[in-house]
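Chemist: Would you mind keeping the following structure in view while I ask a few things?
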């Protein structure tokens, strides 16, 4: 039995699939979802959702939001969604290095908070790309 997944972002982008297993980056840690999961509403952190379709795992980058599971229907509303096909590995590495340097030189609390979010996004992109290379 599979779980229907629908991810929705404010810019109108959506991602849909039927999967056997999902691992979500929840605000309290990694959350595994299998068919027949109890109803749940949870906050989603910036990170990588991993989706198993058949024997293959697909990483999807989520930029924080909320997820609801009920009756094998997983609906995720996020601030943004990215697929690894849209990300260049060299550019992602450079962005991660820049994000680390920028955070190290941040002065105000507001700037540190904003740059921490940028660093978390850059790390999620690298994690997703690493997951893709491991599957290949």
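The values are calculated or read from the model by the stated rules, or taken from the named source; none is laboratory data. Here the structure is a predicted model, which means the values were calculated and not measured. All Cβ positions, even for glycine, are placed from backbone atoms using ideal geometry, and neighbour counts span all protein chains on display.
Chemist: Write out, first by first residue and then by second, each pair whose Cβ atoms fall under 9 Å of each other, whose residues are 6+ apart or on separate chains, and whose first residue, in segment 79-91, is without any contact (Cβ under 8 Å) to a residue 60 or more places away in the chain while the second is surrounded by fewer than 15 Cβ atoms within 10 Å (Cβ to Cβ) and assigned to a helix (DSSP H, G or I).
Modeler: Cβ pairs passing all conditions: 89/133.
Chemist: In the set 113, 103, 134, which member is more than 26 Å from residue 9 (Cα to Cα) and at pLDDT 85 or above? Spell out how you get there, then give the answer.
Modeler: Numbers: 113 fails: more than 26 Å from residue 9 (Cα to Cα); 134 fails: at pLDDT 85 or above.
The unique qualifying residue is 103.
Chemist: Counting only residues that are touching a helix residue (DSSP H, G or I) at 6+ places or on another chain (Cβ under 6 Å) and outside any loop (DSSP other than H, G, I, E, B), which one in segment 70-98 is nearest to residue 6 (Cα to Cα)? Talk me through it step by step, then tell me what you get.
Modeler: Taking segment 70-98 as the starting set, the residues that turn out to be touching a helix residue (DSSP H, G or I) at 6+ places or on another chain (Cβ under 6 Å) are 84, 87, 89, 92, 95-96.
If we keep only those that are outside any loop (DSSP other than H, G, I, E, B) too, we end up with 84, 89, 92, 95-96.
On the way: 84: 18, 89: 26, 92: 26, 95: 29, 96: 28 Å.
Looking at the filtered set, the residue picked out is 84.
Chemist: Which residue out of 67, 124 is part of a strand (DSSP E or B), buried (at least 17 other Cβ atoms within 10 Å of the Cβ), at pLDDT 90 or above and at negative phi?
Modeler: Selected residue: 67, the only one of 67, 124 that is part of a strand (DSSP E or B), buried (at least 17 other Cβ atoms within 10 Å of the Cβ), at pLDDT 90 or above and at negative phi.
Chemist: If a residue must be part of a loop (DSSP other than H, G, I, E, B), farther than 13 Å from residue 67 by Cβ and touching a strand residue (DSSP E or B) at 6+ places or on another chain (Cβ under 7 Å), how many such residues does segment 13-43 contain?
Modeler: Number of matching residues: 3.
Chemist: Out of 101, 117, report the one residue that is out of contact with any strand residue (DSSP E or B) (no Cβ under 6 Å at 6 or more places or on another chain) and either part of a strand (DSSP E or B) or surrounded by 13 or more Cβ atoms within 10 Å (Cβ to Cβ) (or both).
Modeler: 117
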